[in-house]
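Asks: After the C-alpha cells below, expect a handful of questions from me.
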Amino acid sequence: MSTPQKPLRQPGLIVYLCGLATSALALWLVQIANDNGENIMGWYANGIIPAGAFLVGIASGVGYAVGSRVLNVKLSMAFVFGMITTAVVDYFAAQYLTYLSLVEIHHIPVERYGFIDYFREISEGMSFKGKNSGDAGSPLGMWGYVYKVLEITGYAGGAMVPSMMVFGMPYCKGCQQYLKKHRTGHIHSTEPWPVVKKLKKKERLAALQVAIQDLIARANEFTGPIAAAPLAETEAALATLDQTIQKNAAARITYTLKKCPRCDAHHLDLSLFNYTEDKKVANSNVAKIDKTKVVVAVAEAAAA
Ligand SMILES: [Zn+2]
C-alpha cells in the first residue's frame, strides 16, 4: 500500500462548527416561536408524521452541508452518522436551556423541580389543539413519550438531509475537490410530442414507450465508446450532440459532464426527461458514469 495520494482531509472542526451554528440558530428561532405561542416542533402531518421537527432538523443541518461544500471536504459516512448523535444532544440541550430559563423566571429551586421532572411534564402533558375549536386537547400521558421520540427522530433525520445531498455529489479524491458542471448535450426522440399528444391515452402510452426505447438504444450506442474515454474525447463526443433542448420532443436524454476544477477527472450523468401518457413531465436518472477513478488508475499506471 504505497499510494502517493495524500490522505483525505477529515471533515474538520470548521464544518462541524458550521453545523453547530445553524443548529443553535434553528433551535433558537424555535424557542422564539414557542415564546409567542407557536410550537413548531409539535407540527404533525396526518397526526403522526413529525413534519415540524423534520423541517427544524433540515434547517439545523444546513451548516454541515454548506461547510463541506464550500471547503471542498468530502463527508465520511461516519461523520454523517456522528451528526445523528450530535442532533440528539442538540435537541436535549435546547430542552435543557428552556428548562433553565423557566426555572429562573419562576424562581423555582432546581432541587424541587429537576430537568427530569420538566421533561416528564412536557411529554406527559403534551396535547393536540382541537382542529376547529383551537382549544387545548386532553394530555396524552404515556403516549406523549412516543411523540417525543417521533419528534427527536424527525429532528435528527431532518438534520441529515442537507449533508446527504452533498454526500451524493461527485468528488475528485486526488485533488479533494467537488466536480463542477462543465458541459451538456442532449439526444432527442424522433417522435414529436404534439403528434403523440393527440393520440388516445392507450396509444399515447404505446407511442411513448416505443419512443423511449428507441431513445435509450441510441443513447447506449453513443455512450459505449466514451464510457472509459479520456476527457478530451468525451468532450468532443458531447459537442456532436444537440446543444439546445427541443421542447417539442416527446423524450430526451441529457448528458451532463462534471469535471474536477484541478484535473481531468470527470463524471457523466445521464437523465431521461419525457412526457407521460397523462401529459405530465417525468424525469429520472438513467446512468452515472464515474470516471474519477478511471483517471486515477491511468495516472498510477503511467507513474509505475
Ligand atoms: Zn481532480
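None of the figures in this text is laboratory data; all of them are computed from the coordinates on show. As the structure is a prediction and not an experimental result, all values here were calculated from the model. Here the Cβ positions follow ideal geometry from the backbone for every residue, glycine too, while neighbour counts run over all protein chains shown.
Asks: Take residue 248 and residue 117, extend 7 Å from each Cα along the Cα→Cβ direction, and tell me the distance between the two endpoints in nm.
Replies: Computed distance between label sites residue 248 and residue 117 equals 7.8 nm.
Asks: Highest mean first, what order results for 121-128, 12-19, 33-40 on Cβ atoms within 10 Å?
Replies: 12-19, 121-128, 33-40
Asks: Using Cβ counts within 10 Å as a stand-in for footprinting exposure, how do 182, 188, 106 rank, fewest first?
Replies: Placing the least packed residue first, the sequence is 106, 182, 188.
Asks: Something else now. Helix 292-303: angle to the longest alpha-carbon principal axis of the chain, degrees 0 to 90, nearest 10?
Replies: Between the helix axis and the principal axis of the chain, the angle is about 60 degrees.
Asks: Separate question: Could you line up 286, 70 from fewest to most neighbouring Cβ atoms inside 10 Å?
Replies: 70, 286
Asks: Specify whether the C-alpha gyration tensor of the stretch 86-208 places it in the rounded, prolate or oblate class, a ≥ b ≥ c being the square roots of the eigenvalues: rounded for a/c under 1.5, otherwise prolate if a/b is larger than b/c and oblate if not.
Replies: Oblate shape, in that a/c is at least 1.5 and b/c is the bigger or equal ratio.
Asks: Another one. Apply 1/(1 + (r/R0)^6) to the Cβ-Cβ distance of residue 263 and residue 97, taking R0 = 41 Å, and write down the FRET efficiency to the nearest 0.05.
Replies: The pair residue 263/residue 97 has a calculated efficiency of 0.30.
Asks: Here's something else I'd like to know. Which of rounded, prolate or oblate describes the chain when judged by the alpha-carbon gyration tensor and an a/c cut-off of 1.5?
Replies: oblate
Asks: Please go through the residue pairs 180/247; 197/288; 181/201; 247/291 and name each one whose alpha carbons sit more than 32 Å apart in this structure.
Replies: Over 32 Å Cα-Cα: 181/201.
Asks: At residue 164 and residue 229, where each label point lies 7 Å from the Cα along Cα→Cβ, what is the point-to-point distance in nanometres?
Replies: About 3.6 nm, to one decimal.
Asks: Using 0.36 nm times the number of residues separating residue 200 and residue 146, minus their current alpha carbon distance, what extension gain do you get?
Replies: This chain segment gains 14.4 nm when fully extended.
Asks: Classify the stretch 161-218 as rounded, prolate or oblate from the Cα gyration tensor: take a ≥ b ≥ c as the square roots of its eigenvalues, call it rounded if a/c is under 1.5, otherwise prolate when a/b beats b/c and oblate if not.
Replies: It comes out prolate by the Cα gyration axes.
Asks: For the pair residue 107 and residue 236, how long in nm is the line joining their label points, each one 7 Å along Cα→Cβ?
Replies: According to this spin-label approximation, the distance is 8.5 nm.
Asks: Work out how much length residue 279 to residue 48 would gain on full extension: take 0.36 nm times their residue separation and subtract the Cα-Cα distance, in nm to one decimal.
Replies: Computed gain between residue 279 and residue 48 is 79.8 nm.
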